[in-house]
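Enquirer: What follows is a single structure, and I will ask about it in a moment.
The values are calculated or read from the model by the stated rules, or taken from the named source; none is laboratory data. Because the structure is predicted, anything quoted here is derived from the model rather than measured. Cβ sites come from the backbone with ideal geometry, for glycine too, and all protein chains shown count toward neighbours. Accessible surface is based on the protein model in full, side chains and every heavy atom, while ligands, DNA and RNA are left aside. Shrake-Rupley method; radii C 1.70, N 1.55, O 1.52, S 1.80 Å.
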Protein chains: 2
Amino acid sequence: MARNVEFDETLAIQKAMEVFWKQGYNATSMRDLTDAMQINSSSLYNTIGDKQELFVRCVNHYTDIRKKDWDKRLSSKDSPFSVLVDYIHDAVDIIINGQDSCMAIKCAFEMATNDQRVKDILKEDSDRSYQFLYNLIQSAMLKGEIDADEDPALLADYFNSTWTGWHESYILHKDPVKIKRMAQYFIKQLSK
Amino acid sequence: MARNVEFDETLAIQKAMEVFWKQGYNATSMRDLTDAMQINSSSLYNTIGDKQELFVRCVNHYTDIRKKDWDKRLSSKDSPFSVLVDYIHDAVDIIINGQDSCMAIKCAFEMATNDQRVKDILKEDSDRSYQFLYNLIQSAMLKGEIDADEDPALLADYFNSTWTGWHESYILHKDPVKIKRMAQYFIKQLSK
DNA sequence: TTTATTCTGAAACAATTGTTTCAGAATTGT
DNA sequence: ACAATTCTGAAACAATTGTTTCAGAATAAA
């Protein structure tokens, strides 16, 4: 017998996420957030909570999107190797054409050492990324698309690490060719 | 015909660097800094400048230390390949035993997109790291320690990227074995 | 010792921070 | 239409932010 919340919470989180993503946690003020979300701080504190809580929701929102993408790719009917190669090419495209680096990475370096909740979310996200790659690599090995001598666990970790570094490289050097060559080298190593 | 500065500037920068390194730029207040440096803010503003200027000095200090390490290693009389392998092992040890991730990396993700001066310093540091690796790899190739088919430019970029990712991995998973295995894999690829 | 200059310490600055308050507008089920 | 409840907007909160001020202590050269 009362009023309902006026704003779309998912949309508001999306907007907040974009601000946190671009500026980081500490450089973002509550004013920045309420401006972007187009809601009053009282509504924000009533429905979501304080700055930390909002940030956690945003990181969760970010990792949820990644999770959906992985699930979608895993359900593809193409060969595992081609799904893997497509994924790597898309990953490179995002680095080169994206507005900003991966939020999970930025966040890991800014927050994960100090905030246990954020760290746990990012660790889970990293585990999912690992599982996604491990799954594809192993399937590709069973189909003979990747040399059976390779260790899928190692390669999965290895790609995750390398991919993080590509982001840093692109921040500093803005050199698309550099990234593409490294991606090509990684793919070549898989297939021989 | 007047007074001299009372505090040791190099030592003060060192102390400030440690605070920035641990907390990042935006999470660090001027009070945090003056407390650690053990000087009054008026002295700080008189001698060094504002927060941004201090940060730039700290990043420069950090990259200077790295530069000296690279120069020292390059002047070694050991074989280039063994210098390279030693360097990789030391890099792994720093990740596993260090208090915090590499400041240059943290800084690249927090600041480099917004602050041109910081970005330029980090880019130069990254170029030096590249040159260091390129130099060693090429020398090792000439001596037949590394397969002549490899591309030293690509391998140098590749190691830099991978190494950045190792930091992220260790922040999230705190798994020394993971890092060591990846390092071993990289070295193996070099030598075969 | 004097004098000229510079550094230091403590306090203060306005602006911004994250968060709370509360009166009144809004909307639900009856 | 009613009453009960909840949401919203604007203002205010104390605390902290980066930075400045300035009187006086300190010291170099004369």
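Enquirer: I'd like to know if segment A:114-129 contains one or more residues that are within 16 Å of DNA strand D (Cβ to nearest atom) and open to solvent by 10 Å² or more (accessible area, probe 1.4 Å).
Expert: Yes, segment A:114-129 has at least one match.
Enquirer: Might you check whether a residue that is within 16 Å of DNA strand C (Cβ to nearest atom) and aliphatic (A, V, I, L, M) occurs anywhere in segment A:90-111?
Expert: Yes; the residues of segment A:90-111 include at least one that is within 16 Å of DNA strand C (Cβ to nearest atom) and aliphatic (A, V, I, L, M).
Enquirer: OK, next. Would a scan of segment A:92-111 turn up a residue that is touching a helix residue (DSSP H, G or I) at 6+ places or on another chain (Cβ under 8 Å), more than 16 Å from DNA strand D (Cβ to nearest atom) and farther than 30 Å from A:Val177 by Cα?
Expert: Yes, the conditions are met somewhere in segment A:92-111.
Enquirer: Moving on to the next point. Over 21 Å from A:Asn160 (Cα atoms) and surrounded by 14 or more Cβ atoms within 10 Å (Cβ to Cβ), is that true of A:Tyr87?
Expert: no
Enquirer: Looking at A:Leu190 and the list (1) away from chain B (no Cβ under 12 Å); (2) open to solvent by 60 Å² or more (accessible area, probe 1.4 Å); (3) in contact (Cβ under 8 Å) with a residue 40 or more places away in the chain, which single condition is not satisfied?
Expert: Only one criterion is unmet by A:Leu190, namely (2).
Enquirer: Right, another one. Out of the residues in segment A:25-69 that are touching a residue at least 40 places away in the same chain (Cβ under 8 Å) and assigned to a loop (DSSP other than H, G, I, E, B), state the one that is most open to solvent (accessible area, probe 1.4 Å).
Expert: By that ranking, first place goes to A:Asn26.
Enquirer: Any chance you could count how many residues in segment A:75-92 are among the hydrophobic types (A, V, I, L, M, F, W, C) and either touching an Asp or Glu at 6+ places or on another chain (Cβ under 9 Å) or under 11 Å from A:Leu136 (Cα atoms) (or both)?
Expert: 4
Enquirer: Could you figure out which of (1) within 14 Å of another protein chain (Cβ to nearest Cβ); (2) hydrophobic (A, V, I, L, M, F, W, C); (3) more than 14 Å from DNA strand D (Cβ to nearest atom) isn't true of A:Ala27?
Expert: Here A:Ala27 clears every test but (3).
Enquirer: Conditions: (1) in a loop (DSSP other than H, G, I, E, B); (2) exposed (fewer than 13 other Cβ atoms within 10 Å of the Cβ); (3) modelled with pLDDT of 95 or more. A:Ala2 meets all but one. Number of the miss?
Expert: Unmet for A:Ala2, out of (1) in a loop (DSSP other than H, G, I, E, B); (2) exposed (fewer than 13 other Cβ atoms within 10 Å of the Cβ); (3) modelled with pLDDT of 95 or more: (3).
Enquirer: Take the residues of segment A:15-24 that are more than 12 Å from DNA strand C (Cβ to nearest atom) and open to solvent by 60 Å² or more (accessible area, probe 1.4 Å): which is farthest from the other protein chains (Cβ to nearest Cβ)?
Expert: A:Lys15
Enquirer: Determine whether A:Lys68 is more than 10 Å from DNA strand D (Cβ to nearest atom) and under 14 Å from the mean Cα position of the chain (by Cα).
Expert: Yes; evaluated as a whole, the condition is true for this residue.
Enquirer: Residues that are away from chain A (no Cβ under 14 Å) and at pLDDT below 95: which helices (runs of 4 or more DSSP H) entirely in segment B:70-171 hold 3 or more of them?
Expert: Where helices (runs of 4 or more DSSP H) fall fully within segment B:70-171, none carries at least 3 residues being away from chain A (no Cβ under 14 Å) and at pLDDT below 95.
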